[in-house]
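Colleague: Handing you this structure, nothing more for now.
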Amino acid sequence: MNEIWILAETKAGKVAPVSFELLAWARSLGGPDQIHVTAVLPGPASDPEELCYRGADAVMHGTGRRLEGYDASISAKFLASLLEGTRPTVFLAAATARGRTILPYLAAIEGLGLTADCTSLELDTSTGVLLQTRPAAGGNIMATIKTVRGLPQMSTVRPHSKQPLPRDESRPVKVRTCSFEAEALPDDGLNLIEERPFPESKGIADARLVVAGGKGLKKKENFAAVEVLAKQLGAEVGASREAVDRGWAEYPRQVGLSGRTISPDVYIALGISGAIQHLAGIQTAEKVVSVNTDPDAPIFAVSDLAIRGDLFDFIPALEKKLEGFSPAE
Amino acid sequence: MRIIVLVKQVPETDALRLDPATGTVVRSEESAIVNPLDLYALESALKLKDADSSIQVTAVSMGPPSAETALREALAMGCDDAVLVTGREFGGSDTWATGRTLSAALRRIGAFDFIFAGEKATDGDTGQVGPEIAAFLGIPVATYIGRIGWLTGAKSADSTGRGRPLLRVERVLEDGIQVLSCRAPALLTFCKAAGDPRLPELAGKRKARKAVITKFGFSDLGIKQEETGTPGSPTHVVKVAMPNLTRKSEIIDARTEEGMNAACDRVIELLEHKGLIVRGRKA
């Protein structure tokens, strides 16, 4: 039996949906007689049983005042304390800001290998060897990586690269509380002053639909048209690096390896020709639609629907047709 | 007060394009540059130095001897001194081994208040080395930093450690900004929201050309071969493949009104099929 751990995350006091994707990843590594999946949940959450409904065989719920999340070193030390008891074969976290900070800290403390932002994982359940595949070198190559020293083999996996499993309330709930007295640790000097959520927005990383604009919009005033269309569609606004560099959109909206890699159900690229780092950043989008006047725009090659035409014609034409529709809830 | 900025030399990837016909990468002439995200770390440190010239900013890089070029660029921007960690023994280091090696080098450099670094390097794209170094040094880490400013400045620190310098840092996360206070010593990794980096001026370039760069080799660091380079790396690349990013495209010529109409219909159909829009208007 291979023991698989996932690092669950919380958001506003509940288990964050990205945790369910991690459970789907974990379950995909082998059958129920080959793997046992434990979700590790640091910090307060009112609904740890949800992790069981979504595929976890067991939950280790860490409680303690300093596990709230902004201090990665505390969470990493909590995880290290759990590893003293048992060594799972595999430990997965999401390649989110949180996962990408906590897991490397843990890797260094424990002397373990860690592969970042994987888009494919394969476990040989008889040998326990995990093959971890990720885009590298600006998305130019796919590298498959093996951990040659120490257990667990650790990876962060790209958010939205797998659908969560359906919720199943008949699955047994097994939650163990692990208290972590971080108070004993010295004051590490990081303290929360305030949190300012982005207004009316979930951000592009979690969006199911992203409408993005690029250089083809020509000027800042025109970029507003992308925002209007996005609003009508209930979509999040994205931007190419050029658009952000020109000050048309804020950096958190930047799509691509130099901004955020995203995996929406549908990605609509308006006036974006498609630098390689942008294309690599939308690799795991389910469907890509692009509008461009240039028939040789690289984005066309990675689009499911390539529309050769003027985006200034496309936007009003689509808006007119959308009059009979509303965004889904 | 000393701030160390970690700098990596990376190949320029911006000029790369995807050949739409073959789906393969077209390489234009590649050149080595300072990792773009490291420039935000450099700028953030140098801005603090602008306001308080007593702050010493030291650039540190690990890489082949040619990485000296990246350090000279950091010096030209305004860093006070630079250290290159270089040696055959370090070759093939993964993020763990790089973190181990650089943390040994930082220990050797001695006292520092903050370590600044880019959030990730554009070639490896892991973002792991920063938090790993923090863990090796036993100091806290805050990632994805945009703007920073003093809550308690460098000058207020006394020898007892009370009133240690305290920064206000803004983390740019997926769904919002998280503002933290951060006491020295700590490691911070910066993203683009930190603000545009400065360009080196002529006087800076002249100074950088003449500057002596300190070099640390394997024997200077007091680490074992099994802690660095390929032997020290817990991960190994076992296979490399060209990704196929290309999709089977449906191409619609929308240069006519008719074509655009058909194109929009296809988009609506797709959005409806995916359950992203529903027929009817909201009450």
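Colleague: Quick check: pseudo-label points 7 Å beyond the Cα along Cα→Cβ at B:ARG255 and A:ILE193, how many nm apart are they?
Modeller: Placing both labels 7 Å along Cα→Cβ, they lie 5.5 nm apart.
Colleague: For chain B, modelled as a Gaussian network with Cα springs under 10 Å, which listed residue fluctuates most, B:ALA134, B:ALA70, B:ALA262?
Modeller: B:ALA262
Colleague: Could you work out how much longer the chain between A:ILE141 and A:ALA12 gets when fully extended? Use 0.36 nm per residue separation minus the Cα distance between them, nm to one decimal.
Modeller: So the extension gain works out to 42.7 nm.
Colleague: Note down the magnitude of the dipole of segment B:2-232 about its Cα centre, charges +1 on Lys and Arg C-beta and -1 on Asp and Glu C-beta and zero elsewhere, to the nearest 20 debye.
Modeller: Roughly 880 debye for segment B:2-232.
Colleague: Ok, one more. Considering the dipole of segment A:2-184 built from charges on the beta carbon (Lys and Arg +1, Asp and Glu -1) around the Cα centre, which of A:GLY30, A:THR177, A:LEU121 is farthest to its positive end?
Modeller: The Cα lying farthest towards the positive end belongs to A:LEU121.
Colleague: Return the single residue from A:ASN222, A:ASN292, A:ASN191 with maximal mean-square fluctuation; model: Gaussian network over chain A, springs between Cα atoms under 10 Å.
Modeller: A:ASN191
Colleague: Right, something else. Hey, got the dipole for segment B:71-198? About the Cα centre, +1 on K and R Cβ, -1 on D and E Cβ, debye to the nearest 20?
Modeller: With Lys and Arg at +1 and Asp and Glu at -1, about 480 debye.
Colleague: Calculate the length of the line joining the C-alpha centroid of segment A:233-262 to that of segment A:1-42, in whole Å.
Modeller: 30
Colleague: Would you work out which of A:PRO48, A:GLY238, B:ALA51 lies farthest towards the positive end of the dipole of the protein assembly as shown, given +1 charges on the beta-carbon of Lys and Arg and -1 on that of Asp and Glu, about the Cα centre?
Modeller: The Cα lying farthest towards the positive end belongs to B:ALA51.
Colleague: In chain A, with Lys and Arg counted as +1 and Asp and Glu as -1 at Cβ, which of these residues, A:ILE74, A:ALA16, A:VAL289, has the Cα nearest the positive end of the dipole, that is, farthest along it?
Modeller: The Cα lying farthest towards the positive end belongs to A:VAL289.
Colleague: Could I ask something else about it? Express in nm, to one decimal, how much length is gained between A:LEU185 and A:LYS219 on full extension, taking 0.36 nm for each residue of separation and deducting their alpha carbon distance.
Modeller: Roughly 7.0 nm would be gained on extension.
Colleague: Run the simple label-point estimate for B:LYS207 and B:ASP50 please: 7 Å along Cα→C-beta, distance reported in nm.
Modeller: In this crude label model, B:LYS207 to B:ASP50 measures out at 1.5 nm.
Colleague: Fewest to most neighbouring Cβ within 10 Å: what's the order for A:ILE276, B:ILE177, B:ILE3?
Modeller: The fewest-first ordering by Cβ neighbours comes to B:ILE177, A:ILE276, B:ILE3.
Colleague: Please average, across the residues of B:229-241, the number of beta carbons from any other chain that are within 10 Å of each residue's own beta carbon, and give a whole number.
Modeller: 6
Colleague: Fewest to most neighbouring Cβ within 10 Å: what's the order for A:LEU22, B:LEU271?
Modeller: So the residues, fewest neighbours to most, are B:LEU271, A:LEU22.
Colleague: Let me ask another. Would you mind working out the magnitude of the charge dipole of the protein assembly as shown relative to its Cα centre, with +1 at each Lys and Arg C-beta and -1 at each Asp and Glu C-beta, to the nearest 20 Debye?
Modeller: Around 980 debye, computed over the protein assembly as shown.
Colleague: Related question: In whole angstrom, how far apart do the alpha carbon centroids of segment B:30-103 and segment A:279-327 sit?
Modeller: Answer, in whole Å: 41.
Colleague: From the phi angles alone, apply the Karplus equation (6.51, -1.76, 1.60; θ = phi - 60°) to segment A:16-33 and give each ³J(HN,Hα) in whole Hz, x where the residue is Gly or Pro.
Modeller: With coefficients 6.51, -1.76 and 1.60, one gets 7, x, 4, 5, 5, 5, 4, 5, 5, 4, 4, 5, 6, 7, x, x, x, 8 Hz.
Colleague: GNM on chain B, C-alpha springs below 10 Å: top fluctuator among B:THR101, B:THR126, B:THR86?
Modeller: B:THR126
Throughout, read-outs are computed from the coordinates displayed, never taken from laboratory work. All figures in this text were calculated on a predicted structure; none of them were measured in a lab. All Cβ positions, even for glycine, are placed from backbone atoms using ideal geometry, and neighbour counts span all protein chains on display.
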